[in-house]
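Peer 1: Sharing a structure below in structure tokens format, with a few things to ask.
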Amino acid sequence: MNIDWSKEWKRYRESSHWTQKLKQKGITSEQFWDGYKMADKNEEYDRLAGYPGLILDRMSRFAGPDSSVLDIGAGAGAYTIPLAKSARKVTVVEPSRGQIARLMRRAEHEGLVNIKVINKRWQDVDISELERYSLVNAAYCFHMPEIEEALQKMMDVTTGALFLVALVNHGFTDVYEVVFGETEPEPEYIYLYNVLHQMGYPANVEVMTRNYQIPLEMQLGILRSSYDFTPELEKRLMEHLAASGRLVERENGAWVKRTYKDGMIWYQKV
Ligand SMILES: C[S@@+](CC[C@H](N)C(=O)[O-])C[C@H]1O[C@@H](n2cnc3c(N)ncnc32)[C@H](O)[C@@H]1O
């Protein structure tokens with residue numbers, strides 16, 4: 001069987017919940033991130049969830065004091081901020097102005113002055129605008145229909161290692177099915193790994209598991225930013241969280257147990 005993984009990627013992206021949600025809301029990905037309602041909780045969520053955690057450790061040997069790093073789809077800086085502390089310079093490609101503002105607020109707070117921002121989507125960046133980087137990172141930002149072109153451009157500017165971080169399992173598949181009536185497609189990392197392989201880059205892949213708890217209110221806020229909640233839906237959600245043993249009573253209220261698996265795909269050039 002000869003599967004064209006780039007073609008499969010297009011079909012997968014088009015049918016993904018994320019693409020469908022943006023269509024339903026009639027907004028672009030940039031508009032979603034510009035107005036992301038949970039943005040002020042993002043840093044706290046990552047801290048509780050231990051993200052990027054071990055992934056960042058794996059990248060660190062390519063981000064020493066002489067290194068130049070590229071962070072694609074940097075968002076509010078989960079990777080950019082720690083990498084800018086160890087690398088000589090970090091270039092960010094990020095299309096959402098809202099995300100850039102959040103990232104630069106964090107950078108200013110940390111006294112970091114070695115971050116350069118390109119306010120574009122990756123597919124719209126001309127290679128002449130880029131340098132060469134010992135580490136290229138793209139994490140959870142693959143709103144890129146022409147994936148082979150996008151990955152080749154990443155490879156072309158990498159002198160050391162390319163890291164792609166994508167979903168393996170968010171551990172909420174049953175919640176989406178039971179509460180919202182949505183069935184999950186296959187995880188994103190399988191497609192990215194296979195596209196790279198078909199392009200002639202047999203990469204390494206490691207699945208990182210994070211077990212953590214977040215406040216129930218935070219979990220509800222995240223779900224509300226994507227779903228229109230009705231009292232009935234909220235009741236069904238609470239019943240399912242309780243029945244599946246995910247609710248934990250702590251001295252400061254109810255928390256939700258989560259298990260999340262990130263796929264870290266990486267290819268070393270030298
Ligand atoms: C879920 S956030 C991830 C942020 C960060 N990489 C992380 O892992 O925490 C996704 C980010 O990717 C950006 N993004 C989406 N499509 C993109 C594209 N085609 N090129 C570059 N960035 C993109 C979004 O604007 C958003 O800030």
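The values are calculated or read from the model by the stated rules, or taken from the named source; none is laboratory data. Since the structure is predicted, the reported quantities are computational estimates derived from the model, not experimental observations. Cβ: placed from backbone, ideal geometry, glycine included. Neighbour counts: every protein chain shown.
Peer 1: Would you please name the residue that is surrounded by the most Cβ atoms within 10 Å (Cβ to Cβ), looking only at residues in region 203-251 that are within 17 Å of residue 45 (Cα to Cα) and small (Gly, Ala, Ser)?
Peer 2: Looking at the filtered set, the residue picked out is 221.
Peer 1: Which residues, counting only those in region 59-97, are polar (S, T, N, Q) and in a loop (DSSP other than H, G, I, E, B)?
Peer 2: Listed by number, the residues that qualify are 67, 96.
Peer 1: Confirm whether residue 46 is without any contact (Cβ under 8 Å) to a residue 12 or more places away in the chain and not small (Gly, Ala, Ser).
Peer 2: no
Peer 1: Here are 80, 28: which of them is without any contact (Cβ under 8 Å) to a residue 60 or more places away in the chain, of a type in the set (Ser, Thr, Tyr) and buried (at least 18 other Cβ atoms within 10 Å of the Cβ)?
Peer 2: Within the list 80, 28, the selection yields 80.
Peer 1: Hey, could you check region 180-189 for residues that are of a type outside the set (Ser, Thr, Tyr) and touching a Phe, Trp or Tyr at 6+ places or on another chain (Cβ under 9 Å) and say which is surrounded by the most Cβ atoms within 10 Å (Cβ to Cβ)?
Peer 2: 188
Peer 1: All but one of (1) more than 15 Å from the ligand (Cβ to nearest atom); (2) on the phi < 0 side of the Ramachandran plot hold for residue 43; state the number of the condition that does not hold.
Peer 2: (1)
Peer 1: Residue by residue through region 221-259, note down the ones that are touching a helix residue (DSSP H, G or I) at 6+ places or on another chain (Cβ under 8 Å), hydrophobic (A, V, I, L, M, F, W, C) and modelled with pLDDT of 95 or more.
Peer 2: Selection gives 237, 241, 247, 254, 255, 256.
Peer 1: When both residues are 6+ apart or on different chains and their Cβ atoms are under 9 Å apart, which pairs have a first residue that lies in region 105-130 and is without any contact (Cβ under 8 Å) to a residue 60 or more places away in the chain, and a second that is surrounded by fewer than 14 Cβ atoms within 10 Å (Cβ to Cβ) and part of a loop (DSSP other than H, G, I, E, B)?
Peer 2: Within 9 Å, the pairs are 107/113; 123/146; 129/120.
Peer 1: Please work out if residue 97 is within 14 Å of the ligand (Cβ to nearest atom), crowded, with 17+ Cβ neighbours inside 10 Å and closer than 29 Å to residue 148 by Cβ.
Peer 2: It is false that residue 97 is within 14 Å of the ligand (Cβ to nearest atom), crowded, with 17+ Cβ neighbours inside 10 Å and closer than 29 Å to residue 148 by Cβ.
Peer 1: Within region 185-192, identify whether any single residue is in a loop (DSSP other than H, G, I, E, B) and under 30 Å from residue 132 (Cβ atoms), and answer yes or no.
Peer 2: Within region 185-192, not a single residue is in a loop (DSSP other than H, G, I, E, B) and under 30 Å from residue 132 (Cβ atoms).
Peer 1: Among (1) basic (Lys, Arg); (2) away from the ligand (no atom under 16 Å from the Cβ); (3) within 16 Å of the chain's Cα centre (by Cα), which single condition is residue 132 missing?
Peer 2: Failed condition: (3).
Peer 1: Among all residue pairs at least 6 apart or on different chains, which show Cβ distances below 9 Å where the first residue, located in region 234-250, is touching a residue at least 24 places away in the same chain (Cβ under 8 Å) and the second is among the acidic types (Asp, Glu)?
Peer 2: As it stands, the answer is 240/174; 244/174, since those pairs meet every condition given.
Peer 1: Which is out of contact with any strand residue (DSSP E or B) (no Cβ under 6 Å at 6 or more places or on another chain), of a type in the set (A, V, I, L, M, F, W, C), at negative phi and near the ligand (Cβ under 10 Å from one of its atoms), of 103, 22, 112?
Peer 2: Checking each option against the conditions leaves just 103.
Peer 1: Within region 50-76, how many residues turn out to be buried (at least 22 other Cβ atoms within 10 Å of the Cβ) and within 8 Å of the ligand (Cβ to nearest atom)?
Peer 2: So the count comes out to 7.
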